[in-house]
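Everything below concerns the one structure shown next.
The values are calculated or read from the model by the stated rules, or taken from the named source; none is laboratory data. From a predicted model like this one, the values you see are computed outputs, not experimental measurements. A quick note on method: Cβ atoms are made from the backbone with ideal geometry, for glycine too, and the neighbour counts reach across all protein chains shown.
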Amino acid sequence: MPARKSVETPSSGEALGRKLLQSVGEMKAHKFARVTEVQLNEVVEARQSTGMSQAEFASALSISKRTLQEWEQGRRAPSGAAQALIRIARKHPRIVREALA
């Protein structure tokens, strides 16, 4: 019994090629099927406004990097004193950079 060859028909290959070209064209035109917007929480905004890395900001606050990550991901909330410092960092990042660096 001869071995059967799997041959792709030209029409199915051409159709796939057209779909791929259409997809590439849509990506280049910035036509996306879904757009996801992420809201940054106050902790992330405060850290980013200072220009510090997570490790630097955590060290400046005398907390572990993991604690900062928990706060940034919303799994835990900072204490009252830390919340006050975070609010200050958001409003006055330069001062915090100078004071905590």
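Scanning the range 11-64 for residues that are hydroxyl-bearing (Ser, Thr, Tyr) and surrounded by 15 or more Cβ atoms within 10 Å (Cβ to Cβ), we see that the one that is nearest to the chain's Cα centre (by Cα) is Ser49.
How many of the residues making up the range 8-44 are of a type outside the set (Lys, Arg) and not in a helix (DSSP H, G or I)? So that I can check it myself, show each step before the final result.
Within the range 8-44, the first condition is being of a type outside the set (Lys, Arg), and the residues that meet it are 8-17, 20-27, 29-30, 32-33, 35-44.
From what's left, not in a helix (DSSP H, G or I): 8-9, 29-30, 32-33, 35-41.
Matching residues across the range 8-44 total 13.
Sub-7 Å Cβ pairs linking a first residue in the range 22-46 that is of a type in the set (S, T, N, Q) to a second residue that is part of a loop (DSSP other than H, G, I, E, B) and surrounded by 10 or more Cβ atoms within 10 Å (Cβ to Cβ), at least 6 apart or interchain, are Asn41/Gly74, ordered by first then second residue. Scanning the range 45-83 for residues that are small (Gly, Ala, Ser) and not in a loop (DSSP other than H, G, I, E, B) turns up Ala46, Ser49, Ala55, Ala58, Ser59, Ala60, Gly80, Ala81, Ala82.
Scan the range 84-101 for residues that are at pLDDT 90 or above and assigned to a loop (DSSP other than H, G, I, E, B) and the total you get is 1.
So which residues in the range 89-101 are surrounded by 14 or more Cβ atoms within 10 Å (Cβ to Cβ) and out of contact with any Gly (no Cβ under 8 Å at 6 or more places or on another chain)? Ala89, Arg90, His92, Val96, Leu100, listed by residue number.
Considered as a group, the residues in the range 65-88 that are among the small types (Gly, Ala, Ser) and under 21 Å from the mean Cα position of the chain (by Cα) include one that is surrounded by the most Cβ atoms within 10 Å (Cβ to Cβ), and that residue is Ala77. Among the residues of the range 34-41, is there at least one that is of a type in the set (S, T, N, Q) and modelled with pLDDT of 90 or more? Yes, the range 34-41 has at least one match.
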